[in-house]
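Chemist: Structure below; questions to follow.
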Amino acid sequence: MTTIAELLVESLADHGVTTVWGVVGDALNPVTDAIRREDRVEWIGVRHEEAGAFAAGAQATLTGRLGVCMGTVGPGAIHLLNGLYDAAKSRVPVLAICGQVPREEIGSDFFQEVGNDALFADVAVYRETITTPEQAPALIEQAVNAALTERGVAVLSIPGDVGGLEVPSGTPVPKFLEPASHTVPDPAALEQAAAALNAAEKVTLLVGIGAREALTEVQQLATRLAAPVVLTLKAKEGFEEQVPQEVGQSGLLGNHATKVAFDGCDALFLVGTDFPYREFLPAGKTVVQLDLRGEHIGRRVAVDHGLVGHARPTLAQLLPLLHQKTDTSHLDKARTSYTAWRERQQQFTDPKFDRKPKGLLRRKVDNPDARIRPELLAAAIDRHAADDAIFTSDTGMSTVWLARFLRLRGDRRLVGSYNLGSMANAMPQALGLAAVDRDRQVIAFCGDGGLSMLLGDLITAVSYELPVKLVVFDNERLGMVKLEMEQVGLPEYGTKLQNPDFAAVAVAMGLTGIRVTAPGEVDEAVKRALATPGPVLLDVLTNPDEVAIPPEPTVSQGWGFAIAKTKEFLESRE
């Protein structure tokens, strides 16, 4: 005979699930026992369920397939929420298996009881509780199919007295759907969009991760339209250095070339992106937007021509309708600005920069303690990382340095909390990615605030032999919050962190720990960290006052920095 728990685990294994993340607990003991007896599935017990949810979501992002995590009754399920919100906002399929109190106690305010249906109402595309063996197969199928087809989170709750119940003899193992990937817009909509793009003298493309499977088509589109290509952060993966017309990112991560590309165009074509920062998008342009989800069309900027469909087949049908543009002046201007900006940025990657004439002057302003510049660290990682490495980054300044100095060439991949914007995501996401392939290099750009929030799960890397390389941008600050305060003229407050020696902490937990305090040590330390087998933590003391200038700094931002620095100086003298 087969139990509900065994049926669930067998169906997941048949589908190709290889890892389940979580913390063991009473209501889910039948499920973890079924995993113990299923050779195709590895149980990875984390120290905090949030880490498990992040790990499962990262796996789903990388593979496009189902990620699975578990949290038992009450607090265990609650701890999953932040990682599940990240998966939901990133639109990746994750199944959360949650415990519940025994059926007869539901609704009695029993010990640890929470209402899972209400708890997950905002985050899940599907949520149900299995209460009988007869309904289990259908609910399992519905949950996973909802996650896969809607690219979201499904929650299955299992009361403590249910998982071990036997299903009727002959019950088939649930089977799951494979989503279709060939949706295209109506031909008339394509013709109207093509007419608008043909009529425009200068076109700029804003390309997002939704176009990842359409690299060839985007290359042809940019060439046909002589268009500069602005990439969202997530679209660095797959397009950076593959599209000659690319000019980097916009937003606070970006550079002035993107403003040149936006301001100078007559028509803006958004391809597979829901870029949320309205203030960086141009006004008064003819706008074409292609997105798989119709509800995304027009919610960031007014759209003249909306196209609902998958990027690759849609662009394949659009390209024959477009005329070849011969005037490349708009593209050339944006590319010239981008090349010049990249060359200027390279000066900060020199370990001797602060000892050179220009560096000595800047050091007095923004690096009085001669700390390591984060640009130097990010550039060293870019030089020495494998061409098929997978990267994660914590939300904040570590993402800024990744965006500007890490080139996603070759088969490099990128995963992060780039929609939810959570803290503490980089390390647990790296754990999830390493579990997919322990022979592939996984590198996390960790903020010191983010790493310390889920510090206990460093032990998970050791316990399950997950060879992650965790690089800590240790500026003893909540760096992005500090920057936000200073932009509006406020002195930093509440952002300073009293950090331990993270390398020593890592060693105590069983990892290899390396600590770097001088610019001249960075390159060799990065090489050593990446070459060392097993999990490694590289703790690099970086400059907390490094300023990331937005593409077009405003006068108010400049005054804000000046006022904030004056206040900080005066307070330090008191």
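Chemist: Out of 411, 332, 382, I need the residue that is in a loop (DSSP other than H, G, I, E, B) and among the acidic types (Asp, Glu). Which one?
Modeler: 411
Chemist: Looking only at the range 364-410, count every residue that is surrounded by 24 or more Cβ atoms within 10 Å (Cβ to Cβ) and of a type in the set (D, E, K, R) and tell me the total.
Modeler: So the answer is 2.
Chemist: Do we find that residue 421 is in a loop (DSSP other than H, G, I, E, B), assigned by TED's automatic domain parsing to the domain that holds residue 521 and touching an Asp or Glu at 6+ places or on another chain (Cβ under 8 Å) in this structure?
Modeler: So residue 421 does not fit the description; no.
Chemist: Out of everything in the range 257-287 that is without any contact (Cβ under 8 Å) to a residue 60 or more places away in the chain and assigned to a helix (DSSP H, G or I), what residue ends up being farthest from residue 299 (Cα to Cα)?
Modeler: So, considering only residues that are without any contact (Cβ under 8 Å) to a residue 60 or more places away in the chain and assigned to a helix (DSSP H, G or I), the one farthest from residue 299 (Cα to Cα) is 263.
Chemist: While we're looking at this one, here's another question. Sort out which residues of the range 69-104 are more than 30 Å from residue 275 (Cα to Cα), in contact with a strand residue (DSSP E or B) (Cβ under 6 Å, 6 or more places away or on another chain) and either surrounded by fewer than 24 Cβ atoms within 10 Å (Cβ to Cβ) or without any contact (Cβ under 8 Å) to a residue 24 or more places away in the chain (or both), and write them in order of number.
Modeler: 102, 103
Chemist: Let me ask something else. Can residue 32 be described as hydroxyl-bearing (Ser, Thr, Tyr), over 20 Å from the mean Cα position of the chain (by Cα) and closer than 25 Å to residue 168 by Cβ?
Modeler: Considered against the rule, which asks whether it is hydroxyl-bearing (Ser, Thr, Tyr), over 20 Å from the mean Cα position of the chain (by Cα) and closer than 25 Å to residue 168 by Cβ, residue 32 comes out as yes.
Chemist: Okay, moving on. Taking the stated definitions as given, is residue 216 surrounded by fewer than 24 Cβ atoms within 10 Å (Cβ to Cβ), under 29 Å from residue 260 (Cα atoms) and hydroxyl-bearing (Ser, Thr, Tyr)?
Modeler: For residue 216, the condition - surrounded by fewer than 24 Cβ atoms within 10 Å (Cβ to Cβ), under 29 Å from residue 260 (Cα atoms) and hydroxyl-bearing (Ser, Thr, Tyr) - is met.
Chemist: Scan (1) modelled with pLDDT of 85 or more; (2) within 30 Å of residue 389 (Cα to Cα) for the single condition residue 551 breaks and write down its number.
Modeler: Condition (1) is where residue 551 drops out.
Chemist: A further question on this structure: For the range 271-283, how many residues meet the condition of being crowded, with 20+ Cβ neighbours inside 10 Å and within 20 Å of the chain's Cα centre (by Cα)?
Modeler: Matching residues across the range 271-283 total 4.
Chemist: If we only count helices (runs of 4 or more DSSP H) wholly inside the range 42-103, which ones have 1 or more residues that are within 21 Å of residue 145 (Cβ to Cβ), out of contact with any helix residue (DSSP H, G or I) (no Cβ under 7 Å at 6 or more places or on another chain) and not assigned by TED's automatic domain parsing to the domain that holds residue 395?
Modeler: Qualifying helices (runs of 4 or more DSSP H): 81-90.
Chemist: Something else about it: Could you grab me the full set of residues in the range 226-253 that are among the β-branched types (Val, Ile, Thr), surrounded by 24 or more Cβ atoms within 10 Å (Cβ to Cβ) and assigned to a loop (DSSP other than H, G, I, E, B)?
Modeler: Result: 232, 247.
Chemist: Give me a count of the residues in the range 424-474 that are outside any helix (DSSP H, G or I) and either over 19 Å from residue 500 (Cβ atoms) or touching an Asp or Glu at 6+ places or on another chain (Cβ under 6 Å) (or both).
Modeler: Number of matching residues: 19.
Chemist: Quickly run through the range 427-438 and pick out the residues that are hydrophobic (A, V, I, L, M, F, W, C), in contact with a strand residue (DSSP E or B) (Cβ under 7 Å, 6 or more places away or on another chain) and in contact (Cβ under 8 Å) with a residue 40 or more places away in the chain.
Modeler: If the condition is that a residue be hydrophobic (A, V, I, L, M, F, W, C), in contact with a strand residue (DSSP E or B) (Cβ under 7 Å, 6 or more places away or on another chain) and in contact (Cβ under 8 Å) with a residue 40 or more places away in the chain, then 427, 430, 433, 435 are the ones that fit.
Chemist: Which residue out of 467, 500, 428 is more than 14 Å from residue 535 (Cα to Cα) and not small (Gly, Ala, Ser)?
Modeler: Answer to the check: 500.
Per-residue answers, yes or no, for (1) touching a residue at least 40 places away in the same chain (Cβ under 8 Å); (2) assigned by TED's automatic domain parsing to the domain that holds residue 524; (3) among the aliphatic types (A, V, I, L, M):
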{"site": "345", "(1), (2), (3)": "yes, no, no"}
{"site": "354", "(1), (2), (3)": "yes, yes, no"}
{"site": "363", "(1), (2), (3)": "no, yes, no"}
{"site": "373", "(1), (2), (3)": "yes, yes, no"}
{"site": "376", "(1), (2), (3)": "yes, yes, yes"}
{"site": "382", "(1), (2), (3)": "no, yes, no"}
{"site": "385", "(1), (2), (3)": "yes, yes, yes"}
{"site": "389", "(1), (2), (3)": "yes, yes, yes"}
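Chemist: Any residue at all in the range 342-364 that's assigned to a helix (DSSP H, G or I), under 23 Å from residue 226 (Cα atoms) and of a type outside the set (Val, Ile, Thr)?
Modeler: yes
Chemist: A further question follows. Among residues belonging to the range 326-361 that are charged (D, E, K, R), surrounded by 16 or more Cβ atoms within 10 Å (Cβ to Cβ) and at pLDDT below 90, point out the one that is nearest to residue 200 (Cα to Cα).
Modeler: It comes out as 350.
Chemist: Being crowded, with 22+ Cβ neighbours inside 10 Å and aliphatic (A, V, I, L, M) is the filter here; which residues of the range 526-540 pass it?
Modeler: Residues satisfying the conditions are 526, 529, 536, 537, 538, 540.
Chemist: Just give me the residues in the range 454-489 being crowded, with 17+ Cβ neighbours inside 10 Å, among the charged types (D, E, K, R) and over 24 Å from residue 50 (Cα atoms), in sequence order.
Modeler: Once the filter is applied, which keeps residues that are crowded, with 17+ Cβ neighbours inside 10 Å, among the charged types (D, E, K, R) and over 24 Å from residue 50 (Cα atoms), the range 454-489 yields 482, 486.
The values are calculated or read from the model by the stated rules, or taken from the named source; none is laboratory data. Since the model is a prediction, treat every value here as computed from it, not as a measurement. In this analysis, Cβ positions are derived from the backbone assuming ideal geometry, glycine residues included, and neighbour counts consider all displayed protein chains.
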